[in-house]
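Right, one structure below, let's go through it.
FYI, it's all coordinate maths here, none of it is from the lab. Worth saying up front: this structure is predicted, and the values here are computed from it rather than measured. No Cβ is skipped: glycine too gets one built from the backbone with ideal geometry, and neighbour counts run over all protein chains shown.
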């Protein structure tokens, strides 16, 4: 089955006469569970929910391994840290990975006695820091720089030293890149972003290579209470049916805008893995099915970036990314990333490309 069909039908239950294609969300705290609770498929709302089960089935079909849904991308990230790391262990992660993941690692995990080694994503630089490590954390493409590392090569080197590998796959989504197929032990994502794509929910998930890790992740979720609401999960499941359509339009638009920006005199630099001359393109072309909806570019400075965003008629100024409406932000307004003041992270939506090109052109013209 091809990707567009697979994602369209993922997690949809077998047909029952008179039933909905996708059952509505189940709102329940307790369930009927007389006698031995092991005989009831559902007993208490913190343990499981039928709506979660269908979405997790869909995720498993996309990821290629058992999947557990969490209340947010950070809840999913912390679950992987929680089931793999103990005091004295070593975590290797990108110095340019998602800022909050680094905050947790350098804050709480360090305080708990876990050693953290940081190295850039580009050039597979973390390979030099694997000795004695327990977990290698990758993020590719990295947010917001869009640097890329070679997942298969990193996994091979890590596994040769007994190191587990987790990949933050948020930017690419499970349709754009499959870390488990490339050998990773865990694929982690904030489903708030492009996977669900409508900027209306907070959610995350972890997919793993085997059921043993999935059981540990499930236990972590139950005991920590990092559970999602059934409405959010149902909305997510409904939304992924259009993922292939959205990615096709978003990635087409992203590439066209990246080419336009790369040729514009007001733009100092552009990063997009889909550009043939991008430093990440060669690796990305081998491991990504889609290059994603995010384009990063740099204008002269803070004033120019803010003026461009203010004068655009179609860009929504907001954080996050992956939605069907084009949005962007001057990323340096948040601390934590080593980027220029004029750095803009652009999340390309599903609008008509000609409208986007015309709008970008007029907004950049105001900088002259």
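Some notes on this structure:
- In the chain, the DSSP-assigned H stretches of four residues or longer account for a calculated mean residue ellipticity at 222 nm of -10500 deg cm²/dmol, using -39500 (n - 2.57) per stretch and the full residue count as denominator.
- Average Cα contact separation per residue, the stretch 20-79, under 8 Å, 6 or more apart, as relative contact order %: 22 percent
- Global geometry of the stretch 1-89, whether rounded, prolate or oblate, following the gyration tensor of its Cα atoms and the 1.5 cut on a/c: oblate
- Cβ crowding within 10 Å ranks 42, 297, 55 as 42, 297, 55, fewest other Cβ atoms first.
- Inter-part distance where the stretch 319-356 and the stretch 267-298 are each reduced to a Cα centre, Å: 15 Å
- Of the peptides 13-19, 137-143, the order by per-residue mean of other Cβ atoms within 10 Å, starting with the highest, comes out as 137-143, 13-19.
- Relative to the current alpha-carbon distance between residue 362 and residue 300, full extension at 0.36 nm per residue lengthens the span by 20.6 nm.
- Sequence ranges 33-40, 327-334, ranked by mean other-Cβ count within 10 angstrom, highest first: 327-334, 33-40
- The chain - share of DSSP beta bridges that are antiparallel (%, nearest 5): 60 percent
- Residue order, fewest to most surrounding Cβ atoms within 10 angstrom, among 317, 147: 317, 147
- Between helix 353-365 and the chain: long-axis angle, C-alpha atoms, 0 to 90°, nearest 10: 50 degrees
- By average C-beta atoms within 10 angstrom, highest first, the peptides 337-348, 77-88: 337-348, 77-88
- Remark: relative contact order (the chain) = 17 percent; criterion is Cα-Cα distance under 8 angstrom and separation of 6 or more residues.
- Note on 31, 291: ascending count of other Cβ atoms within 10 Å places them as 31, 291, the fewest first.
- For the chain: rounded, prolate or oblate by the Cα gyration tensor [a/c cutoff 1.5]: oblate
- Contact order normalised by residue count of the stretch 244-347, Cα under 8 Å, 6+ apart, percent: 25 percent
- Cα gyration tensor shape for the stretch 201-327, rounded if a/c is under 1.5, else prolate or oblate: prolate
- The angle separating the long axis of helix 151-160 from the principal Cα axis of greatest extent in the chain is about 50 degrees.
- Against the main long axis of the alpha-carbon atoms of the chain, helix 243-262 sits at an angle near 20°.
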